[in-house]
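Contents: one structure, followed by commentary.
No value in this document is a laboratory result; all are computed from the given coordinates. Predicted model, so just to flag it, every value in this text is computed and none were measured. Glycine also receives a Cβ, built like all others from the backbone with ideal geometry; neighbour counts cover every protein chain displayed.
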Amino acid sequence: MIKTIGVLGAGQMGSGIAQLFAQFNYDVILCDENEAQLFKAHTRIHANLERQALKGNIENSRINQIEKHIRTTRQLSELAAADFIVEAVSEQEQLKFELFAKLDTIIRPEVILASNTSSISITRIASVTKRPERVIGMHFMNPAPVMELVELIRGQATSEGTFTTTQAVAEALGKQTAVSQDYPGFIVNRILIPMINEAIFALFEGVATAEDIDKGIKLGTNQPMGPLALADLIGLDTVLAIAGVLYSGFKDPKYRPCPLLVRMVNAGQLGKKSGQGFYRYEKAG
């Protein structure tokens, strides 16, 4: 039985995933080597829960109870107590390879290793472990506690048992699942990132202002936010990393990252988390 969830990575996605599991009464071990990141995660989770209570989505009295389900650690070895692992570190292939190889030696043989990657090959990640049949993609949308979809990605060796267990875990969190085979970008980002990249090209080429590009797509296609504002929310470094995976994986020039996107990332203009992207923000604490 799955009772304890290990979440590796305490950034925006990792903290959201930890909060989500805790809201459904799972015990969560949230692991990150960076102490400051763990502190930020605690602050972010508390603020998110207070926001949900104000909206009437949860009882105010539950906030403390939910937070008690989450314990934090800097020690990867403490994930040995987990019954199911979700990796949510940054979208860097080599980093994921190193962590999965380490996790493989720490956790019990029957434990499933799920990656929250939004674009990197599950088959390649699984290949660094001795349990490729127990490795799967479990891509939560941002913010994880709110968005309804979880994208499930089967690697070449992912077993049926691993898939059905992971799907059941997602559904126990009140999520709907969409299933993708293991190709660059999977479903969501194969479609979403080229749209965002094209919006950046439109800005780069002077077609319209950022505000008008976002207004056109938001109102013209009934989307909740424009592509440039969405890129800022995702993080321009993450958008560039996924665009790079698509471009490298398909060898098709239509996936070429816009030079403006590259320049902004090089300048540290990463969107909401840095305080400056296509729009200005109060810098995240």
Exercise. Roughly speaking, what is the centre-to-centre gap between the stretch 1-55 and the stretch 188-202 when only Cα atoms are used, to the nearest Å?
Worked result: 29
Problem set entry | Cα-based helix-to-principal-axis angle, 188-204 vs the chain, degrees rounded to 10 | 30
Problem set entry | Sequence of Tyr279, Tyr247 once ranked by neighbouring C-beta atoms within 10 Å, starting from the fewest | Tyr279, Tyr247
For this session: With everything on Cα atoms, drop me the angle between helix 12-23 and the longest principal axis of the chain, reported from 0 to 90° to the nearest 10.
Result: 40
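What is the order of Cys258, Cys31, fewest Cβ neighbours within 10 Å to most? Don't skip to the answer; put the middle values down first.
Numbers: Cys258 21, Cys31 28.
Ranking Cys258, Cys31 by Cβ neighbours within 10 Å, fewest first, gives Cys258, Cys31.
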Problem set entry | Euclidean distance of C-alpha centroids, the stretch 241-262 and the stretch 126-162, integer Å | 23
Problem set entry | Folded to 0 to 90 degrees: helix 160-172 orientation relative to the chain principal axis, Cα | 80
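Filter the cross-link list Lys96/Lys175; Lys68/Lys215; Lys55/Lys273 down to pairs whose alpha-carbon distance in this structure exceeds 31 Å.
Working: Lys96/Lys175 25 Å; Lys68/Lys215 42 Å; Lys55/Lys273 24 Å.
In this structure, Lys68/Lys215 lie more than 31 Å apart at Cα.
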Exercise. Of all DSSP beta bridges in the stretch 4-181, what percent run antiparallel (nearest 5)?
Worked result: 15
Exercise. What is the distance, in nm, between label points placed 7 Å from the Cα along the Cα-to-Cβ direction at Ala101 and at Glu148?
Worked result: 4.2
Exercise. Ranking Ile70, Ile106 by Cβ neighbours within 10 Å, fewest first, what do you get?
Worked result: Ile106, Ile70
